[in-house]
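Engineer: Before I ask anything, let me first share the structure, which is written out below as structure tokens.
The values are calculated or read from the model by the stated rules, or taken from the named source; none is laboratory data. Fair warning: this is a prediction, and the values are worked out from it, not measured in the lab. Quick reminder, even Gly has a Cβ in these numbers, built from the backbone with ideal geometry, and neighbours come from all protein chains shown.
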Amino acid sequence: MNLTTICSEIDDFLQIGNVTDYPNALNGLQLENRGTVTKLGAAVDSSRATIEMAIEQGVDLLLVHHGIFWGGLTRILGPHYQKLQRAISSDLAIYSAHLPLDIHPEIGNNALLARALDLPNPEPFFFKMGRHLGLASNIVLERDALVSRLENVLGAEIWICGAGPQTTRRIGLVTGGAGSEVETAVYEGVDTFITGEGPHHTFALAEELGINLIYAGHYATETFGIRALAEKLGREHDLPWCFLDHPSGL
């Protein structure tokens, strides 16, 4: 498969050019190779570890959710040089999709997690950066049952501040690190807010606001979309693919 062709296809499918993102996200192809794709890899982060895993498994296009430039403009020295040098010398291309993958209605992190949790009729939620970045669902569900669903789907224990009602009626979901925006969730009318992680002070804030705040893991909530993207491309173009699992525990 031609690298330019498959990257253009991803750009169009995820509407890369139409989604405003954080300045250092740099969605799209971040590092090219010699132009050929024979195997896809999917990873949440473009870390030295996942790059090494991709090279070991014969991947020549690595799809990631968090790209290689999150730290902003920097000198290409030390670990940053070593990571890039390793990828370039191994002919590994890297493509990143952040918010476009979070919010995609078909294979987005939010959509797939809501589906896995069996949340009915998800609707747009959490307006930031000119668009809705999450989903909300009206559902009468015991809080403990929701926690059990999350732990079963994600395969890990979660953190919760149970300051809201024991029986939930409106659940908001934003994968990743939206915990600092608890007040936005409350303003938009949810009694339970699920995200990946947030700062320490949000515990007291959630208690004061009377909301169930659930941190299910930044990494854990963002494995869905990138895996689904690789699976879709692999199926449509008859390309082998693999998921490179390197959890942070956060």
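Engineer: Within the range 126-154, how many residues turn out to be crowded, with 17+ Cβ neighbours inside 10 Å and of a type in the set (D, E, K, R)?
Structural biologist: Total satisfying the criteria: 1.
Engineer: Limited to the range 14-65, what total is found for residues that are in contact with a Lys or Arg (Cβ under 8 Å, 6 or more places away or on another chain) and among the hydrophobic types (A, V, I, L, M, F, W, C)?
Structural biologist: 6
Engineer: Restricting the first residue to the range 1-22 and requiring it to be touching a residue at least 60 places away in the same chain (Cβ under 8 Å), which pairs with a second residue that is loosely packed, with under 14 Cβ neighbours inside 10 Å meet a Cβ separation below 7 Å and a spacing of at least six or different chains?
Structural biologist: Every condition considered, the pairs that remain are 3/35; 3/36; 20/129; 20/130.
Engineer: Turning to a different aspect of this structure: When both residues are 6+ apart or on different chains and their Cβ atoms are under 6 Å apart, which pairs have a first residue that lies in the range 61-74 and is assigned by TED's automatic domain parsing to the domain that holds residue 38, and a second that is among the hydroxyl-bearing types (Ser, Thr, Tyr) and assigned to a loop (DSSP other than H, G, I, E, B)?
Structural biologist: Qualifying pairs under 6 Å: 64/46; 67/46; 68/46.
Engineer: Name the single residue that is farthest from residue 95 (Cα to Cα) among those in the range 1-26 being of a type in the set (Asp, Glu) and surrounded by 12 or more Cβ atoms within 10 Å (Cβ to Cβ).
Structural biologist: Looking at the filtered set, the residue picked out is 21.
Engineer: Being in contact with an Asp or Glu (Cβ under 6 Å, 6 or more places away or on another chain) and modelled with pLDDT of 95 or more: is that true of residue 172 here?
Structural biologist: For residue 172, the condition - in contact with an Asp or Glu (Cβ under 6 Å, 6 or more places away or on another chain) and modelled with pLDDT of 95 or more - is not met.
Engineer: Can you name the condition, by its number, that residue 181 falls short on among (1) surrounded by 13 or more Cβ atoms within 10 Å (Cβ to Cβ); (2) touching a helix residue (DSSP H, G or I) at 6+ places or on another chain (Cβ under 6 Å)?
Structural biologist: Here residue 181 meets the rest and fails (2).
Engineer: Before we move on, is residue 229 in contact with an Asp or Glu (Cβ under 9 Å, 6 or more places away or on another chain), crowded, with 19+ Cβ neighbours inside 10 Å, under 24 Å from residue 11 (Cα atoms) and not aromatic (Phe, Trp, Tyr)?
Structural biologist: no
Engineer: So, of the residues in the range 184-229 that are without any contact (Cβ under 8 Å) to a residue 40 or more places away in the chain and of a type in the set (Phe, Trp, Tyr), which turns out to be nearest to residue 167 (Cα to Cα)?
Structural biologist: The qualifying residue nearest to residue 167 (Cα to Cα) is 193.
Engineer: Examine the range 203-211 for a residue that is of a type outside the set (A, V, I, L, M) and surrounded by 20 or more Cβ atoms within 10 Å (Cβ to Cβ), and state whether such a residue exists.
Structural biologist: Looking through the range 203-211, none of the residues is of a type outside the set (A, V, I, L, M) and surrounded by 20 or more Cβ atoms within 10 Å (Cβ to Cβ).
Engineer: Here's something else I'd like to know. Is there a residue being farther than 25 Å from residue 20 by Cα and of a type in the set (Phe, Trp, Tyr) anywhere in the range 168-188?
Structural biologist: Looking through the range 168-188, none of the residues is farther than 25 Å from residue 20 by Cα and of a type in the set (Phe, Trp, Tyr).
Engineer: While we're on this one: Please verify whether the range 76-92 includes one or more residues that are surrounded by 16 or more Cβ atoms within 10 Å (Cβ to Cβ), under 18 Å from the mean Cα position of the chain (by Cα) and outside any loop (DSSP other than H, G, I, E, B).
Structural biologist: Checked against the condition, which is being surrounded by 16 or more Cβ atoms within 10 Å (Cβ to Cβ), under 18 Å from the mean Cα position of the chain (by Cα) and outside any loop (DSSP other than H, G, I, E, B), the range 76-92 yields no hits at all.
Engineer: For the range 56-66, give me the residue count where each residue is in a loop (DSSP other than H, G, I, E, B) and buried (at least 21 other Cβ atoms within 10 Å of the Cβ).
Structural biologist: 2
Engineer: Still on this structure, I have one more. How many residues are out of contact with any Phe, Trp or Tyr (no Cβ under 9 Å at 6 or more places or on another chain), modelled with pLDDT of 95 or more and not in a strand (DSSP E or B) if we restrict to the range 116-147?
Structural biologist: Number of matching residues: 11.
Engineer: Return yes when residue 250 is more than 17 Å from residue 117 (Cα to Cα), at pLDDT below 95 and not polar (S, T, N, Q) and no when it is not.
Structural biologist: yes
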